[in-house]
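Read through the structure below, which is laid out as structure tokens, and then see the notes.
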Amino acid sequence: MSQNPLLEVRGLKKSFDVTKGFLKKEKHYLYAVNDVSFTLKKGEVLGIVGESGCGKSTLGNLIVHLHEPTAGEILFEGISLLDLPAEQLRRRRADIQIIFQDPFSSLNPRKRVFDIIAEPLRTHLALSKAELKQDVLHLMELVGLNRSYLYRYPHEFSGGQRQRVGIARAIALRPKLIICDEPVSALDVSIQSQILNLLKKLQKELQLTYLFIAHGLPAVKHVSDRIAVMYLGKIVELTTKEKLFMNPMHPYTEGLLSAIPIPDPTERKEQRKLLEGDIPDPVNPPAGCKFHPRCPYKTEICSRIEPEFTEKEVGHFVACHHPLGKENKE
Amino acid sequence: MSRSLSMHGTAKKNSKMKRWMKLLFRSKTGTVGLFIVVSIVLVAILAPWLAPHEPQTIDPVNTHKPPMWMEGGDRSNILGTDNLGRDILSRIIYGSQVSLLVGISSVVLAGVIGVLVGLFTGYFGGFLDTFFMRLADSFLAIPNILLALVMLGVFGPGLLTLILVLGVTNWVQYARIIRSEVLSIKERDFIRAAKSIGVKHRHIIFSHLYPNVISSFIVVATLSVASTIILESSLSFLGLGIQPPQVSWGTILSDGRDYLATSWWLATFPGLAITISVLGIIFLGDWLRDILDPRTVK
């Protein structure tokens, strides 16, 4: 527990200018990521869940530096990535890789599997032709791709196989951190568990650290150690998987949990607490607690003051004025 | 996607040339296009040996002679003669040299400029983008032919200046098409993947973007070979293009326009030559576009 975190994110913000028309004086900003802080230890898997549009993908893109943050710091192994000169940042990129959601747009349709997987190797290492081929074949084996697929084009593959190619590309340089940006949500249900198991296996074998982004809790539960729940650009609850599922403190988490379908009807004893309403317009977020218009437990203070993100129990961070205790459950 | 594809996927990496030839002869339009283009190029190269007469020899006795299969025609002038008694067939054979050279090289020149501008402005955006796109707008605001006229007037007529002028005035259409394609492709995840790997910008542009936009370029470029040949003929007609002893299809065509009512063959045969060669180039371009896309290659 005492080891230095691999990744530390402090007060990260990203806003997009959504002002329409160039004559308007008043600017409108969409805060996709609004003051997010967390740490990630080596070998850990942190799941990030939230509804569409809550900023979880933007968070992932910020960490791999596909977006420039508006404010905040990203420390990777204690070094601030944002302060690095361009060439050093380019070299550092080998340590942080990303797996994308849509395997149909993440592979260049004009390139063969070999060239796709070899690209990171060619970019950062000087390998001979034979070494390169051997490395690529080894990577294909690791992700469960038949070696005869080496010179095929992406369109010849199914979604699951394409995602395996994407995973091989991401692990090619043995990165320390991989951002999994909803890696299974575009796949058939039957394929999802295969890819999840593959990711889990690779994490163990290669001692990878994952930031695992998903929009539903079930997929995240399978792979994560800790889970962060995001709502409108903010983390509202962050704790271990067990605590989150047994004892959610934020009403939003509770809503997400009760939305998980229970297959066995006899176990559906509890009254479901389904969330009502939609995510508010992120350009004009509600005052106070961002969740209060949908919260069943809201009081007067919730609409005025935004709750602090604090550690309510050991290792259990929540941003809520009225965190749900154990007494509220059961 | 299709089952037959996965069956023979293990095929070894053929030499590229072999594969292309195989794909060429499998496509009928590709074969026809290649046949037409190769024969026209051969005609242009072998013109001195193929042409039955000198293209400039004037024969005042035999003016407006119809083609050989019509009344009044004979075998010595297969496609007839023009208003000065020059042999049309020989002029068309010699004209292919200039027309092909001007048509193809000015499109290539315009294409190289346009594709490079489109790739870089689309990818980097910002000031570079604004600058070149406003420049493109100002080019579009002036009719091409006027711009070419002014430039030819300044630099003086001649084959090389003609090619340069046509190339420089036509880059805009390619730049705009390529730029808009780049704008949509650069948002796709495989470009973001390359960025997150740390691939250099130059490599992203030429190895990821370029192969994905080149097919649109080929389609537009093959079509505009035709309009360039016509544009060359208009400029030559105005006296600023090809200078007389040289002949091009365009000059023959415009020479013959005045006699359309009486001697139709003067303008018809160079027109046919333009049509056929343009068709050939379009067929070849279509085939090229198809084989550059791995999804259509079976």
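The values are calculated or read from the model by the stated rules, or taken from the named source; none is laboratory data. The structure displayed is predicted, hence computed values, not measured ones. A quick note on method: Cβ atoms are made from the backbone with ideal geometry, for glycine too, and the neighbour counts reach across all protein chains shown. Side chains included, ligands, DNA and RNA excluded: accessible areas come from the protein's heavy atoms. Shrake-Rupley method; radii C 1.70, N 1.55, O 1.52, S 1.80 Å.
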Considering only region A:129-138, I want to know if a residue exists there that is within 11 Å of chain B (Cβ to nearest Cβ) and out of contact with any strand residue (DSSP E or B) (no Cβ under 9 Å at 6 or more places or on another chain). no
Which one is farthest from the chain's Cα centre (by Cα), of the residues in region B:106-125 that are open to solvent by 50 Å² or more (accessible area, probe 1.4 Å) and farther than 19 Å from residue B:163 by Cα? B:124
Mind checking whether some residue in region A:120-133 is touching a Gly at 6+ places or on another chain (Cβ under 9 Å) and farther than 23 Å from residue A:207 by Cβ? no
List the helices (runs of 4 or more DSSP H) that sit entirely inside region B:170-288 and contain at least 1 residues that are open to solvent by less than 20 Å² (accessible area, probe 1.4 Å) and more than 14 Å from every other protein chain (Cβ to nearest Cβ). B:171-185, B:210-237, B:249-256
Within region A:89-110, can you find the residues that are in a strand (DSSP E or B) and either within 7 Å of another protein chain (Cβ to nearest Cβ) or more than 17 Å from the chain's Cα centre (by Cα) (or both)? A:97, A:98
Quick check on my filter: what residues within region A:157-186 are within 11 Å of chain B (Cβ to nearest Cβ) and in contact with a Gly (Cβ under 7 Å, 6 or more places away or on another chain)? A:179, A:181, A:186
Mind listing whichever residues of region A:199-213 are among the aliphatic types (A, V, I, L, M) and open to solvent by 10 Å² or more (accessible area, probe 1.4 Å)? A:206
So is residue B:121 β-branched (Val, Ile, Thr) and farther than 29 Å from residue B:239 by Cβ or not? yes
Criterion: at the interface with another protein chain (Cβ under 10 Å from one of its Cβ atoms) and open to solvent by less than 20 Å² (accessible area, probe 1.4 Å) - qualifying residue of A:74, A:116: A:116
Scan region A:68-88 for residues that are closer than 21 Å to residue A:41 by Cα and either among the hydroxyl-bearing types (Ser, Thr, Tyr) or in a helix (DSSP H, G or I) (or both) and jot them down. A:80, A:81, A:82
Strands (runs of 3 or more DSSP E) wholly in region A:169-288 with at least 3 residues that are over 18 Å from residue A:41 (Cβ atoms) - which ones? A:226-231, A:234-240
Scan region B:138-161 and tell me whether some residue there is open to solvent by 60 Å² or more (accessible area, probe 1.4 Å) and within 14 Å of chain A (Cβ to nearest Cβ). no
